């Protein structure tokens, strides 16, 4: 009985806890990164309105699309790695979703 509990804890509990921590941290980092990026764009807009810099919005938009596509590809490979084990992956995803919600 003790062996079953320890196995279940390692197969379900640890991935769920790890998923929660990663989801929580990822959301906090994303909030900070988006705030910094927003301030950067506001500064660019201000400098453009004052005539100090000229912003090529087509290149800026294209660069943002490339970054987004790269990030989605990395996230997809992370999901494929996590799904390689069904039971731990399920608990990891549940913990990850909870971490994102609480973060």
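The values are calculated or read from the model by the stated rules, or taken from the named source; none is laboratory data. Please read all numbers here as calculations on a predicted model, not as lab measurements. All Cβ positions, glycine included, derive from the backbone under ideal geometry; neighbour counts span all protein chains shown.
Among the candidates 52, 22, 32, which residue alone is closer than 30 Å to residue 99 by Cβ and loosely packed, with under 13 Cβ neighbours inside 10 Å? Step by step, each of 52, 22, 32 is checked, and only 32 is closer than 30 Å to residue 99 by Cβ and loosely packed, with under 13 Cβ neighbours inside 10 Å. Has the stretch 66-77 got at least one residue that is over 29 Å from residue 41 (Cα atoms) and either in a helix (DSSP H, G or I) or at pLDDT 75 or above (or both)? Yes; the residues of the stretch 66-77 include at least one that is over 29 Å from residue 41 (Cα atoms) and either in a helix (DSSP H, G or I) or at pLDDT 75 or above (or both).
If the requirement is being at pLDDT 80 or above, surrounded by 11 or more Cβ atoms within 10 Å (Cβ to Cβ) and in contact with a helix residue (DSSP H, G or I) (Cβ under 9 Å, 6 or more places away or on another chain), which of these qualifies: 95, 103? Break it down stepwise before answering.
Values: 103 fails: at pLDDT 80 or above.
Of the residues listed, the single one that is at pLDDT 80 or above, surrounded by 11 or more Cβ atoms within 10 Å (Cβ to Cβ) and in contact with a helix residue (DSSP H, G or I) (Cβ under 9 Å, 6 or more places away or on another chain) is 95.
Are any of the residues in the stretch 49-63 assigned to a helix (DSSP H, G or I), at pLDDT 80 or above, within 14 Å of the chain's Cα centre (by Cα) and at negative phi? No, that holds for no residue.
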